[in-house]
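Enquirer: Got a structure for you, written out below as structure tokens; questions coming shortly.
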There are 6 protein chains.
Amino acid sequence: MSGPAPRPIVVVNPNSNTAVTAGIDAALAVFRFPGGPAIECLTLAEGPFGVESQRDAEAVVLPLGRLVERRPDAGAFVIACYSDPGLDLCRTLTPAPVFGIQEAGVLSAMARADRFGVVAISEASIGRHLRSMRRMGVLERLAGERALGVSVADSGGDAAFAALERVGRALVGDGAGAIILGCAGMAPQRARLADALGAPVIDPTQAAVAMALGAVLA
Amino acid sequence: MSGPAPRPIVVVNPNSNTAVTAGIDAALAVFRFPGGPAIECLTLAEGPFGVESQRDAEAVVLPLGRLVERRPDAGAFVIACYSDPGLDLCRTLTPAPVFGIQEAGVLSAMARADRFGVVAISEASIGRHLRSMRRMGVLERLAGERALGVSVADSGGDAAFAALERVGRALVGDGAGAIILGCAGMAPQRARLADALGAPVIDPTQAAVAMALGAVLA
Amino acid sequence: MSGPAPRPIVVVNPNSNTAVTAGIDAALAVFRFPGGPAIECLTLAEGPFGVESQRDAEAVVLPLGRLVERRPDAGAFVIACYSDPGLDLCRTLTPAPVFGIQEAGVLSAMARADRFGVVAISEASIGRHLRSMRRMGVLERLAGERALGVSVADSGGDAAFAALERVGRALVGDGAGAIILGCAGMAPQRARLADALGAPVIDPTQAAVAMALGAVLA
Amino acid sequence: MSGPAPRPIVVVNPNSNTAVTAGIDAALAVFRFPGGPAIECLTLAEGPFGVESQRDAEAVVLPLGRLVERRPDAGAFVIACYSDPGLDLCRTLTPAPVFGIQEAGVLSAMARADRFGVVAISEASIGRHLRSMRRMGVLERLAGERALGVSVADSGGDAAFAALERVGRALVGDGAGAIILGCAGMAPQRARLADALGAPVIDPTQAAVAMALGAVLA
Amino acid sequence: MSGPAPRPIVVVNPNSNTAVTAGIDAALAVFRFPGGPAIECLTLAEGPFGVESQRDAEAVVLPLGRLVERRPDAGAFVIACYSDPGLDLCRTLTPAPVFGIQEAGVLSAMARADRFGVVAISEASIGRHLRSMRRMGVLERLAGERALGVSVADSGGDAAFAALERVGRALVGDGAGAIILGCAGMAPQRARLADALGAPVIDPTQAAVAMALGAVLA
Amino acid sequence: MSGPAPRPIVVVNPNSNTAVTAGIDAALAVFRFPGGPAIECLTLAEGPFGVESQRDAEAVVLPLGRLVERRPDAGAFVIACYSDPGLDLCRTLTPAPVFGIQEAGVLSAMARADRFGVVAISEASIGRHLRSMRRMGVLERLAGERALGVSVADSGGDAAFAALERVGRALVGDGAGAIILGCAGMAPQRARLADALGAPVIDPTQAAVAMALGAVLA
């Protein structure tokens, strides 16, 4: 470890809610080490306050591309929104690896258990996620996806835990051996939920950053 | 980062060739940080000198299980053989995550490109790998697997690079956007091959350890 | 057929090349009937001169959405670019059906033969198309996709026919019983190629408009 | 549109119930235009009064083939029975396209929504339809198939609507974004059901004829 | 083994070529034992001299159904034509098991090797077989299917062996660990080809009769 | 049938419970004929009293391999444990065919019905079986797997029948047209359950031995 400093990992919150960015930043502190790559968490200024509709997701694509182009120094990028907006574009704009958190969350869960479950924030997103997982070619590993029925704003709060535990248990009952939190902002609940369920729980942003570390350091 | 020291990552070379273990250990140095988890590389004393046949792979399963049981302190295990021997067993013997390098290599490649290719050491292993990837449910992402035609002993040496580059180019021609080195011992060739191909190249042991870091630190 | 006039079918060329729009318009004349729905072919003013890169495709998404919202009178929309840009967005913005020509071309080919082949304009687009077809869940029906190696500008010209025929024959050799022209602008070659190959050849824009007719009239 | 008159589309009701043929004919009136192709609806004289059993379906295959051979003037054929009897045979007997309504209905639904649902007339037909959809390679797009529990004779009547709406809502709850009426005779209920569900509803015979129009006119 | 005599296995050659029936009968002699079920080989009088076209296959369906109904004493039926004609119908007409030789051959090969290959008599049948194997849901196990290029009449003769061996080796090169003879009449070549290839070779009629024995005796 | 005596079929019970072996032996008596192959049922002395955990399954792999090597005279082997332990290894150690009963049971069920169901002894084994069936590439044929909730020791007893019938009916309700008994020891219940359900019920050991007969005799 006496070589040049590793290049930074740039994590982008594509919505303009800086509280979300701060939450992501806190959840990633565990991956910062002396001599290790910087992990910068940025807020996409052009983003909507929350990425909820398909239009919200589409609206951040070009701004994400421009951000990527402004950071030729980056060693890797993480797009911290479970819809993986802009992933295809950004990959064409930089030779650095670009990770989407849905992809990374799903792939990391597949390294932990034969079948996985997903906790979606809302019923409406399940269809989009299924389409993404079909595109990924991994549907045979999906045990189920179930909606939390709690607003995004509340999803990191204490009040959400009971709902998370209920949905998590239902997914375990569906056959899931690992659970993915289908949102960028639920990391604070991760460990507690894993303990309650007795099964691994994946925060997808942490999963993506771990993969980014692997890419930057190898 | 002021909490207790993270638990160690235990990487097991299931063959008894300590030179292979030393090579793995060197390839993983990049993942060691002050305050980060220890990454211990162990040689399975009961293992054959090389894991080549199906019998070799089966013979290490119970010893791997015993090793896992002797290390309740471990935060994660990595089984550093591309056949992923003992993965199913070890996962039943410890609550800690256990990563197989074939699984981790494939999943990490899937986070880098839509379709991936695999460089196999020998023609004979391709069928086994296809069976494993079918079990993983990821065959729709495989662009191709091709054999290097070089002995394991030579696979990390300079002489192997020309063969690697030739096979890598053929896989890119098959549509692979990322290449997996289908062996625990080819890490030293990784960066050079990636440069030559202009495509990401995944060392599966590094990929597994990055995932293990993610699991231990999150 | 004494009811109100059917609502128009709005076909959008997402690039700003009006010659392409004119070609599409000409290819769709066969679907215009007295008393039938108008088939309007529009040029997306905000579009690039050609949609070739991923950025080009992303750049037209929001403008396509705005166009769709400006036409609440439309009975159906067709996005006339084989990358199907904006399809997901537009479907959330209007209750009218929205057809992408890649989707419609593939589905129409599946109604003509057990396995189909695709003629891609360029090698570079094959990977994107495979990803789209995996998302569609139809890869088991694909016999092959092969690149024409001719620029888009030339793809409707006489000079391209020899290349088309050569690639078409290769796809038939791959097992394709129907051939899709993987581009919005090759309709003038369709009938001649079908005759030469003795197999159905699908122009995807015509296929999408036929489906749109079905949706508007039913 | 000043060329020769387009060749007729021949729609065959493979059962001998002329009331069913008349209903199909009425549902297809919307596709008839001045100068457009004739759409002839024929009753297969040799057919059973209803195609309900596997033997019924097999018994119409050779007669359908003979009918196809007697119509070399046809531009396209539609076999108007949801079991798609004789489809494989007829395709070998004519160069004209032959559409089966199950195939066309499923493919058209796939152009309208990511996942579709099917309303079956009877529980007994669900297994056969699943087998057909597996053969089509489209099972990953199926949200569900549910039986109406109403006899074929009644399926177009007012009394069936409540059952249709109940089953349709259950399919939407299964994740279906488009609903296929799994029978040749339910077209009169289509629009009303679509309004009630707020989702596209596909009459498979209309879907097949729209595809036939596309093939005849292009 | 002191119970009543087991019920007979009725093997039907759906073509009217009695030489083919005699060949099948000879190939099944190995399965006849004192006290074991009779294995009767019947020629379908109504069948064509050879089942080659789709029409030939359809023409035998109803006669096969009638034959099945005339034999309520049968313990199991085998339809000895690789197109599996009448399989769906016959299964609805008798409670006795009905085996198709394509199905039985494929399933038996899957019990012998991870991936299998098929020797087709003619190029033209490969597409139909792929469609059948997709319907079976087993395409991920297919290493390849290749045509022999020898007429059915000759397929059991000595002259065909060189072609068989050449095609068999190519399939082994495709990754096939077991080879299926895709025709009812090649049993005499089976053992010699297996010896030449060093891989199991499946005669599908023998495979079906072994399964029928299992069903009748269990 | 005047050739040399056929080579014996060696059926190995990998647990050391000789009562289980005796039960298997009794269930296979129906396949023994004068002049037919001997069917020897052996108990693996090194096996645990029951194969229940993953460790139990792994522990018998090498002993099974050694047993196979000690029997070069065998014409075929059957590993009579539904986890199919040692199957991959044994296939590399002998040129004789080696059948696993899970594989044989599933494949035999696929010859009897379009979709099958599995009765598992315990909830815990369902996940392992799904993984095996994914590896087999046959998940599209699975209607469902449900646990019996009765201990292995009791699974052949009269008391288990009510549970079997209840689970079997539920699987039929899931769409299963054939039912597999997911255990080596339930053969005595097979015929009675088939009668109760009106659907074929497969004892996997009998299914494997029927396939072995086919391989030995052909």
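Enquirer: What are the ³J(HN,Hα) values, in whole Hz, obtained from phi via the Karplus relation 6.51 cos²θ - 1.76 cosθ + 1.60 with θ = phi - 60°, for each residue of the range E:102-109 in sequence order, with x given for Gly and Pro?
Expert: 5, 4, 5, x, 5, 5, 5, 5
Enquirer: Quote the charge dipole size of chain A about the Cα centre in Debye, to the nearest 20; the model charges only the Cβ of Lys and Arg (+1) and of Asp and Glu (-1). Walk me through the numbers before you get to the answer.
Expert: Numbers: 19 positive and 21 negative charges, 74 e Å.
Using only the charged Cβ atoms, the result is roughly 360 debye.
Enquirer: Now a separate question. In the Gaussian network model of chain D, springs joining C-alpha atoms below 10 Å, which of D:Ala170, D:Ala162, D:Ala147 carries the largest mean-square fluctuation?
Expert: In this elastic network of chain D, the residue with the biggest mean-square fluctuation among D:Ala170, D:Ala162, D:Ala147 is D:Ala162.
Enquirer: For chains F and E, what's the summed buried accessible area, probe 1.4 Å, to the nearest 100 square angstrom?
Expert: Summed over both sides, the interface buries about 2800 Å².
Enquirer: Mind giving me the FRET efficiency for C:Ala159 and B:Ala29? R0 is 41 Å, r the Cβ-Cβ distance, nearest 0.05 is fine.
Expert: 0.10
Enquirer: How far is E:Gly173 from the same spot in each other copy, in nm, shortest first, if each label point sits 7 Å from Cα toward Cβ?
Expert: Ordered by distance, the counterparts are at 1.6, 1.6, 5.5, 5.6, 5.8 nm.
Enquirer: What is the ratio of the Cα radius of gyration of the range C:51-174 to 2.2 N^0.38 Å, where N is its residue count, to two decimals?
Expert: So the range C:51-174 has a normalised radius of gyration of 1.14.
Enquirer: Now, a different point. Name the residue farthest towards the positive end of the dipole of the range D:4-69 from the options D:Gly35, D:Val20, D:Pro48, assuming +1 on Cβ of Lys and Arg, -1 on Cβ of Asp and Glu, about the Cα centre.
Expert: D:Gly35
Enquirer: Quick one: net charge around D:Cys81, please, counting Lys, Arg +1 and Asp, Glu -1 for every other residue with C-beta under 13 Å from its C-beta.
Expert: So the surrounding residues net to -4.
Enquirer: Another one. What list of ³J(HN,Hα) couplings, whole Hz, do you get for the range F:123-131 from phi and the Karplus terms 6.51, -1.76, 1.60, once you set θ to phi - 60° and write x for glycine and proline?
Expert: 3, 5, 8, 4, x, 4, 5, 4, 4
Enquirer: Out of residues 5 or more away from D:Ala184 or on other chains, whose amide H comes under 5 Å of its own, with H placed 1.01 Å from N in the peptide plane?
Expert: Under 5 Å from the amide H of D:Ala184 lie the amide H atoms of D:Tyr82, each far enough along the sequence or on another chain.
Enquirer: Counting only other chains, and only Cβ atoms inside 10 Å, what mean value do you get across the residues of F:129-142? Can you show the working numbers first?
Expert: Numbers: counts 0, 6, 7, 1, 2, 9, 9, 9, 15, 7, 4, 14, 5, 1.
Other-chain Cβ atoms within 10 Å of each residue's Cβ, averaged: 6.
Enquirer: For peptide E:11-20, compute the average count of partner chain beta-carbon atoms within 10 Å of each residue's beta-carbon.
Expert: Details: counts 0, 0, 0, 0, 0, 0, 0, 0, 0, 0.
If you average over the peptide's residues, the count of other-chain Cβ atoms is 0.
Enquirer: To the nearest 20 debye, what is the magnitude of the charge dipole of the range E:69-144 about its Cα centre, counting +1 on the Cβ of each Lys and Arg and -1 on the Cβ of each Asp and Glu?
Expert: I would put it at about 100 debye.
Enquirer: Okay, next question. Please list, in order along the range E:10-18, the HN-Hα scalar couplings obtained from phi with the Karplus expression 6.51 cos²θ - 1.76 cosθ + 1.60 (θ = phi - 60°), rounded to whole Hz, x for Gly and Pro.
Expert: Result, ordered by residue: 9, 9, 10, 8, x, 9, 9, 7, 5 Hz.
Enquirer: Additional query: Around F:Gly47, under 13 Å between beta carbons, what's the net of Lys plus Arg minus Asp minus Glu among the other residues?
Expert: Summing Lys and Arg as +1 and Asp and Glu as -1 gives -2.
Enquirer: Identify, for chain D, the residue whose C-beta comes nearest the rotation axis onto chain B, and round that distance to whole Å.
Expert: Looking at chain D's Cβ atoms against the axis toward B, the nearest is D:Glu140, 5.
Enquirer: Please report, for B:Ser122, the nm distances (one decimal) from its label point, 7 Å out from Cα along the beta-carbon direction, to the equivalent points in the remaining copies, shortest first.
Expert: 3.7, 4.4, 4.4, 5.6, 5.9
Enquirer: For F:Glu40, go 7 angstrom from Cα along the Cα-to-Cβ vector, then report the distances to that same point in the other copies in nm, smallest first.
Expert: The projected label point of F:Glu40 is separated from its counterparts by 3.9, 4.6, 7.3, 7.3, 8.4 nm.
Enquirer: Roll a 1.4 Å probe over the protein chains and send me the accessible area per residue for chain D in Å².
Expert: Details: 7340 Å² over 218 residues.
I get 34 Å² per residue for this part.
Enquirer: Another question about this same structure. Quick check for me: using +1 on Lys/Arg Cβ and -1 on Asp/Glu Cβ, what's the dipole size of the range A:102-203 about its Cα centre, in debye to the nearest 20? Spell out each step's value before the answer.
Expert: Numbers: 12 positive and 11 negative charges, 55 e Å.
For this selection, approximately 260 debye.
Enquirer: Let me ask something else. Using amide H atoms built 1.01 Å from N in the peptide plane, name the residues 5+ places from C:Ile39, or on other chains, whose amide H lies under 5 Å from its own.
Expert: Placed amide hydrogens put C:Ile9 under 5 Å from C:Ile39.
Enquirer: Which angle between 0 and 90 degrees, to the nearest 10, do you get for helix F:204-217 versus the longest principal axis of chain F when only C-alpha atoms count?
Expert: 40
Enquirer: How many percent of the accessible area of the range E:77-141 is carbon or sulfur, using a 1.4 Å probe?
Expert: Of the solvent-accessible surface of the range E:77-141, carbon and sulfur hold 50 percent.
Enquirer: Mind listing the long-range amide H neighbours of C:Ala76? Cut-off is under 5 Å, sequence gap 5 or more, other chains count too, H placed in the peptide plane at 1.01 Å from N.
Expert: The list, which skips near neighbours in sequence, is C:Val10.
Enquirer: Right, another one. I'd like the residues of the range A:106-120 whose 1.4 Å-probe accessible area shrinks by no less than 20 Å² going from the isolated chain to the full set of protein chains.
Expert: Buried by 20 Å² or more upon assembly, which counts only protein chains, are A:Leu107, A:Met110, A:Ala111, A:Arg112, A:Asp114, A:Arg115.
Enquirer: Also: Excluding C:Thr92 itself, calculate the net charge of residues whose Cβ lies under 14 Å from the Cβ of C:Thr92, where each Lys or Arg counts +1 and each Asp or Glu counts -1.
Expert: Local net charge: 0.
Enquirer: Within a 10 angstrom radius of each residue's Cβ in A:56-63, how many Cβ atoms of other chains show up on average? Whole number is fine.
Expert: Per residue, the average neighbour count from other chains is 4.
Enquirer: Dividing the convex hull volume of the Cα atoms of the range A:102-203 by its residue count, what figure in Å³ per residue is obtained?
Expert: 80
Enquirer: Need one number: % antiparallel among DSSP beta bridges in the range E:102-204, to the nearest 5.
Expert: On the way: 0 of 12 bridges.
DSSP beta bridges in the range E:102-204 are roughly 0 percent antiparallel.
Enquirer: Still on this structure, please answer the following. For chain F, what is the relative contact order in percent, using Cα pairs closer than 8 Å and at least 6 residues apart in sequence?
Expert: Taking the mean separation of contacting Cα pairs over the length of chain F, I get 22 percent.
Enquirer: In terms of the ratio Rg/(2.2 N^0.38 Å) built on C-alpha atoms, what value belongs to the protein assembly as shown?
Expert: Expressed relative to 2.2 N^0.38 Å, the Cα Rg reads 0.92.
Enquirer: Determine the calculated [θ] at 222 nm for chain D from helices alone, applying -39500 (n - 2.57) to every DSSP H run no shorter than 4 residues and normalising by the residue count; nearest 500 deg cm²/dmol.
Expert: Roughly -13000 deg cm²/dmol at 222 nm, from the helical runs in chain D.
Enquirer: Rg/Rh for chain B to two decimals, with Rh computed the Kirkwood way over all alpha-carbon pairs.
Expert: 0.95
The values are calculated or read from the model by the stated rules, or taken from the named source; none is laboratory data. All values derive from a computational prediction rather than experimental measurement. Backbone-built Cβ (ideal geometry, glycine too); neighbour counts: all protein chains shown. What goes into the accessible areas is simple: the full protein's heavy atoms, side chains included, and nothing from ligands, DNA or RNA. Shrake-Rupley method; radii C 1.70, N 1.55, O 1.52, S 1.80 Å.
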